[in-house]
């Protein structure tokens with residue numbers, strides 16, 4: 001067992017499945033968190049990260065050296081509750097942030113050597129972990145090993161809406177959003193384009209969606225491959241109405257068109273990921289949060305690629321009026337390089353060309 005000392009009293013620890021233990025001080029809820037240990041390189045947006053449904057099942061390490069220094073605000077939330085299992089920081093600032101974590105029931109550690117932890121995850125991949133307070137390290141390592149790996153886990157049902165709801169009723173077009181774990185910033189951005197937005201649960205059928213002017217397949221957590229019912233619905237939908245996939249929605253579109261997905265060693269999480277837009281050769285700095293990617297077999301349909309590892313970051317099927325991106329164009333939080341993508345997609349919905357494609361399908 002490898003131990004890495006943190007700063008402050010050893011009243012809490014993060015144990016990884018490979019036996020590595022990091023010590024720190026508890027500043028959140030006095031509870032145990034089990035999940036996949038991952039890191040995000042975003043320098044801001046810690047509240048957005050904590051409330052992003054795509055982080056369901058994960059213990060998040062912030063690489064930013066100081067977290068919590070601008071407090072919390074209800075308007076920054078990406079959902080109605082936190083979805084991270086636990087939070088790990090080099091230096092947590094409070095009392096608003098740490099008090100919020102405690103009130104939300106999220107265990108958190110400060111004083112962790114997050115640089116060493118991040119390097120360890122980069123070298124060894126994302127690992128099962130246990131964040132505990134007042135527990136012996138050997139027992140914590142066994143807790144980490146007792147949980148299932150992220151591969152093979154369908155998590156969308158844990159974060160999806162239980163029933164359809166109207167997010168915005170005003171607009172010249174009707175857009176449906178399939179909620180696999182949708183971020184509120186996606187819904188807000190769509191509303192700003194002047195369309196009405198209706199949100200549906202992850203298991204909605206294709207016939208219901210086909211009656212809308214366009215459909216957004218949202219982001220979400222977990223492995224896309226076990227979501228066979230959702231993939232079948234997307235397969236049945238494409239070609240009947242324009243479709244835009246984001247993050248998990250991108251991966252589901254890929255599976256629905258015969259491509260494969262795979263687990264990345266340590267994922268892409270942060271607000272500084274460079275992506276090449278192939279058509280223009282423009283490089284977009286993007287916000288990302290995913291642990292799975294689309295296989296190279298989709299290269300012929302690829303529109304974007306990661307400049308970190310060459311993974312496919314976008315797909316387009318013009319004959320089906322379907323496209324997708326792996327990154328988050330709503331930028332919540334993050335740079336605005338891809339900010340206009342949702343606007344352009346809605347403009348295409350309004351164009352005669354898109355209406356002809358839909359009518360002919």
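The values are calculated or read from the model by the stated rules, or taken from the named source; none is laboratory data. Computed from a predicted model, the values in this text were never measured in an experiment. Cβ coordinates were reconstructed from backbone atoms using ideal geometry, including for glycine residues, and neighbour counts include every protein chain displayed.
Where residues in the range 144-161 are touching a strand residue (DSSP E or B) at 6+ places or on another chain (Cβ under 6 Å) and surrounded by 20 or more Cβ atoms within 10 Å (Cβ to Cβ), which of them is nearest to residue 12 (Cα to Cα)?
144
Quick one: in the range 36-73, which of the residues that are assigned to a strand (DSSP E or B) and touching a helix residue (DSSP H, G or I) at 6+ places or on another chain (Cβ under 9 Å) is surrounded by the most Cβ atoms within 10 Å (Cβ to Cβ)?
Ranking the candidates gives 37 first.
Test residue 118 against the stated conditions and say whether it is out of contact with any helix residue (DSSP H, G or I) (no Cβ under 7 Å at 6 or more places or on another chain), under 24 Å from residue 220 (Cα atoms) and in the same structural domain as residue 13 (by TED's automatic domain parsing).
So residue 118 passes the test.
Of all residues in the range 309-342, which are exposed (fewer than 15 other Cβ atoms within 10 Å of the Cβ) and at pLDDT 90 or above?
309, 310, 318, 319, 340
Can you tell me which residues in the range 295-308 are surrounded by fewer than 22 Cβ atoms within 10 Å (Cβ to Cβ) and part of a strand (DSSP E or B)?
Those that are surrounded by fewer than 22 Cβ atoms within 10 Å (Cβ to Cβ) and part of a strand (DSSP E or B): 302, 303, 305, 306.
Rundown of residues vs (1) in contact with a helix residue (DSSP H, G or I) (Cβ under 8 Å, 6 or more places away or on another chain); (2) closer than 26 Å to residue 308 by Cβ, yes/no style:
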| residue | (1), (2) |
| --- | --- |
| 89 | yes, yes |
| 100 | yes, no |
| 151 | no, yes |
| 165 | no, no |
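Find all pairs meeting these conditions: Cβ atoms under 7 angstrom apart; at least six residues apart or on different chains; first residue within the range 24-51 and at positive phi; second residue at pLDDT below 95 and in a strand (DSSP E or B).
These pairs meet every condition: 45/271.
Look through the range 90-133, keep the residues that are under 23 Å from the mean Cα position of the chain (by Cα) and free of Cβ contacts under 8 Å to residues at least 40 places away in the same chain, and return whichever of them is surrounded by the most Cβ atoms within 10 Å (Cβ to Cβ).
Going through the qualifying residues, I end up with 90.
Restricting attention to helices (runs of 4 or more DSSP H) lying wholly within the range 112-203, give those where 3 or more residues are at pLDDT 95 or above and over 27 Å from residue 42 (Cα atoms).
Helices (runs of 4 or more DSSP H) meeting the threshold: 137-146.
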